[in-house]
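Novice: I'd like to ask you about the structure that follows.
The values are calculated or read from the model by the stated rules, or taken from the named source; none is laboratory data. The structure displayed is predicted, hence computed values, not measured ones. All Cβ positions, glycine included, derive from the backbone under ideal geometry; neighbour counts span all protein chains shown. Side chains are part of the model used for accessible areas, which takes the heavy atoms of the whole protein and leaves out ligands, DNA and RNA. Shrake-Rupley method; radii C 1.70, N 1.55, O 1.52, S 1.80 Å.
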Amino acid sequence: MAEKQEEPSNAQNGEPDNAEEGEGKKKKVKREDLPPFEIVTGERLPANFFKFQFRNVEYSSGRNKTFLCYVVETQGKEAATSRGYLEDEHAAAHAEMAFFNTILPTCQAGARHDVTWYVSSSPCVTCAQRICEALRKNKALRLTIMVGRLFMWEEPEMQAALRSMKEAGCKLRIMKPQDFEYVWKNFVEQEEGEEAKSFVPWEDIQENFQYYEEKLAEILH
């Protein structure tokens, strides 16, 4: 199953389809006008982004971004826990790379870091290589990656990359329904003035979890 990459509608990305209309009639920015890359950071992502981007569908048409929610538990002179999320703004950016370049360097030097990622889809080959390098270089780093979907898992190169991550010490897991609920409670923003809404699982969430769990087990063993 190779993930089909189609352009999603504005509504699927969390924007209304008539985004070009309304006050000011904002001009739509063409992809070629965008800078080489940009990473969006924050503490909580919009609910509509989560519902579309994190959904563990078998064929992920239109889901051409990576959303990475992270928890860093530091065990050193001063124990600390930090959390937030990173989002690929467009195709040239990689949220996984941004974590190592911008988030991890701000953590306490010389301490042990237990890091957990909750990612909409598994890393690409290039990011998998970067993860392996980071784990081999920093023996005090522990990384667990919880993924909603497996990216291009049928490709031999991608399968090899996933195995290399495991060999480097990365723990790879498929997100269970409970993990999606955890992300909803801890990383998704609620509308201002509204009471916190309960997580509502989509119809095939358990079935798709089992599908991807079986595929990952076949690849890693």
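Novice: Filter the stretch 133-170 down to the residues that are among the basic types (Lys, Arg), outside any helix (DSSP H, G or I) and over 15 Å from the mean Cα position of the chain (by Cα) and list them by number.
Specialist: Result: 139, 142.
Novice: Still on this structure: Can you tell me which residue within the stretch 171-185, out of those that are of a type outside the set (A, V, I, L, M, F, W, C) and not in a loop (DSSP other than H, G, I, E, B), is nearest to residue 138 (Cα to Cα)?
Specialist: Filtering the stretch 171-185 down to residues of a type outside the set (A, V, I, L, M, F, W, C) leaves 171, 173, 176-179, 181-182, 185.
Subsequent filtering for residues that are not in a loop (DSSP other than H, G, I, E, B) retains 171, 173, 177-179, 181-182, 185.
Working: 171: 15, 173: 21, 177: 32, 178: 30, 179: 27, 181: 31, 182: 28, 185: 31 Å.
This residue is 171.
Novice: Which of the residues that make up the stretch 102-123 are part of a loop (DSSP other than H, G, I, E, B) and open to solvent by 30 Å² or more (accessible area, probe 1.4 Å)? Break it down into steps so the answer makes sense when it comes.
Specialist: In the first step, residues of the stretch 102-123 are kept if they are part of a loop (DSSP other than H, G, I, E, B); the result is 107-111, 122-123.
Listed by number, the residues that qualify are 108, 109, 110.
Novice: Has the stretch 63-81 got at least one residue that is part of a strand (DSSP E or B), among the small types (Gly, Ala, Ser) and at pLDDT 90 or above?
Specialist: So far as the stretch 63-81 goes, no, none of its residues is part of a strand (DSSP E or B), among the small types (Gly, Ala, Ser) and at pLDDT 90 or above.
Novice: Shifting gears a bit: Given the conditions (1) within 16 Å of residue 74 (Cβ to Cβ); (2) aromatic (Phe, Trp, Tyr); (3) touching a Leu at 6+ places or on another chain (Cβ under 9 Å), report the number of the one that residue 100 does not fulfil.
Specialist: For residue 100, the failing item is (3).
Novice: Residues of the stretch 172-193 being modelled with pLDDT under 90 and open to solvent by 90 Å² or more (accessible area, probe 1.4 Å), which ones?
Specialist: 191, 192
Novice: Within the stretch 141-163, which residues are open to solvent by 30 Å² or more (accessible area, probe 1.4 Å) and either under 19 Å from residue 105 (Cα atoms) or touching a Cys at 6+ places or on another chain (Cβ under 7 Å) (or both)?
Specialist: The answer is 142, 144, 151.
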